[in-house]
Amino acid sequence: MVESMKKAGLVLSGAAAGVMLSLGITAYADRNGEAKSAIPLEDLQKFSQVLGLIKNNYVDDVTDKKIIENAISGMVRELDPHSAYFSEKDFEDLKEGISGKFTGLGIEVQGGKGVVQVISPIEDSPAFKAGIQSGDTIVKINDKAVSSMRGLTEAISLMRGKAGETVRLTVVRKGESKPLIFNIVRAEIKSQSVKGKIIEPGYGWIRVTQFQEPTLRDFVAKAKELYAQGKLKGLVLDLRNDPGGSLDTAVGVSAAFLPKDVTVVSSKGLHTEPEVRKATPMDYARGGPDVLQSLPNDLKDVPLVVLVNGGSASASEIVAGALQDHKRATVMGSQTFGKGSVQQVIPLDREGKTGVKLTIARYYTPSGKSIQARGVIPDVLVDDNANGKNGRYSRESDLPGHLSNDSGVQEDKPRDVWDEWAKEEDEDKKDPKAKDDAPRFGEAGDFPLQQALNHLKGIPVQTAKKKQ
């Protein structure tokens, strides 16, 4: 697959070069090399004309490389919120993030219209400790407004860099009457993506903060550690504020609880073959060692609750959706983010220094439902706090240019977040005691976790006070 990606990248970069050299190339080839409909010659001429105008008339000198990179970046960025062009530095940052170790602030973000939206901070990162929360909107990084940046990749680049340097974030938060200023010192982020413990005798808690390369191995180790303390009567799989990550890892975590060979997730797109990923080593180990073999057999049958919230996205939604559809777990919490699209990272040169991340398909749960712009709806809705106040989450459906849901599931309507913030601020003024605190996952005051334990014990659950 890697080799095919490299070939695809070479074809794309070669086509771009051809356009610059001559307007004679008016067709392109699909993944199998078959000719597709011609690119209109008139459009190529217009592109060439604008290029010439910039070269001959722009107030400052701009290199050809800069012009072409800007053109590619804009072309890809306008497709949807998750497609992006990666410069050499951006591509290196992407590889570091997948590995689970990088230098930065520790925030999972998504682009918006002139802003950067926080999906969730990485636990124990500088941003998490500083108080950045899911749903926050970053409007300025240092002294530069996000609205003036060339997309999400530039914003991420500014937040990453040398350890020990301070980054100043200006954040707008629901319920706050004025922007918040955070001065956060960059550090090496060594994300420990799996945590867990025995909450009380017989009941365990495993939290996955992100689906990275080491996550499945660490998940197995944690599950074995819990079972070494005695047989479990119930288990909580906590995916709150988990922004996603590796698909292979998500399939593996799902397979830990599901019968062998059942469908975990499927995907299809206009130019991709439909793909079904199952609870089998072929679909999560990918030829490597099957780390699930050493798991306790009881894990397949232990009563299970999956906790989610508005910060649960992508791979975490795949796991929650699969376990929900197969009735293997009770999903509790609040509606998830709703990112149900597949991205492929394609190198654009032989050295793999630059590339594009392109949305190529949509995800579907085992029952055939798309989570795109809708998310996973919990079986039991539970508030983030006992007082009924919930975290302030953005959703995929709020993002300009998001993909539609094509499986007949009702898509969420985009919300006017500014109106919502004003309403919440008014409500808080009426009841100043009704403030919600940042959740402390796994601690004594973790209200949703306590409700999950109640469910496992057959004790009544305090469900959400109002429709979320």
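Miscellaneous remarks
- For the peptides 83-95, 362-374, 315-327, the ranking by packing is 315-327, 362-374, 83-95, with the highest mean count of neighbouring Cβ atoms within 10 Å listed first.
- The stretch 153-266: C-alpha gyration tensor shape, a/c 1.5 cut-off, then a/b vs b/c: prolate
- Relative contact order computed over the stretch 258-383 (Cα-Cα under 8 Å; 6+ residues apart), in percent: 28
- Peptides 258-265, 70-77 ordered by packing proxy, namely the average of other Cβ atoms within 10 Å per residue, highest first: 258-265, 70-77.
- Each residue of the stretch 237-251 is assigned a 3J(HN,Hα), and the resulting list reads 9, 9, 10, 5, 6, 8, x, x, x, 5, 5, 4, 5, 4, 5 Hz, derived from the Karplus form 6.51 cos²θ - 1.76 cosθ + 1.60 (θ = phi - 60°), x at Gly and Pro.
- In sequence order, calculated HN-Hα J values of the stretch 354-359 (Karplus, 6.51, -1.76, 1.60; Hz; x Gly/Pro): 10, x, 10, 9, 10, 6
- Above-threshold pairs, the threshold being 18 Å between Cα atoms, out of Lys300/Lys327; Lys129/Lys197; Lys339/Lys389; Lys95/Lys353; Lys89/Lys357: Lys129/Lys197; Lys339/Lys389
- The shape of the stretch 67-189 comes out oblate: with a ≥ b ≥ c from the C-alpha gyration tensor, a/c is at least 1.5 while a/b does not beat b/c.
- Cα-centre dipole for the stretch 258-380 with unit charges at Cβ (Lys and Arg positive, Asp and Glu negative), debye to 20: 280
- With contacts taken as Cα pairs under 8 Å at a separation of at least 6 residues, the stretch 284-342 carries a relative contact order of 38 percent.
- With θ taken as phi - 60° and the Karplus curve 6.51 cos²θ - 1.76 cosθ + 1.60 applied, the whole-hertz 3J(HN,Hα) list for the stretch 375-381 is x, 9, 8, x, 5, 10, 7 Hz, x standing for glycine and proline.
- Projecting the Cα positions of Ala250, Val220, Val236 onto the charge dipole of the stretch 174-253 (unit charges on Cβ atoms of Lys, Arg, Asp and Glu, taken about the Cα centre) puts Val236 furthest along the positive direction.
- Global form of the stretch 275-366, assessed from the alpha-carbon gyration tensor, a/c cut-off 1.5: oblate
- Å² per residue, accessible surface of the stretch 77-208 at 1.4 Å: 43
- Accessible area of the stretch 274-325 belonging to carbon and sulfur atoms, whole % at 1.4 Å probe: 50
- Thr272-Leu51 pseudo-label distance in nm [points 7 Å out on the Cα-to-Cβ vector]: 3.0
- Less than 5 angstrom separates the built amide H of Val167 from those of Ile184, Val185, Arg186, all sequence-distant by 5 or more or on a different chain.
The values are calculated or read from the model by the stated rules, or taken from the named source; none is laboratory data. Remember, it's a predicted structure, so these values are computed and weren't measured experimentally. Using ideal geometry, Cβ is built from the backbone for each residue, glycine included, and neighbour counts are taken over all protein chains shown. Surface areas here come from the heavy atoms of the whole protein model, side chains and all, with no ligands, DNA or RNA. Shrake-Rupley method; radii C 1.70, N 1.55, O 1.52, S 1.80 Å.
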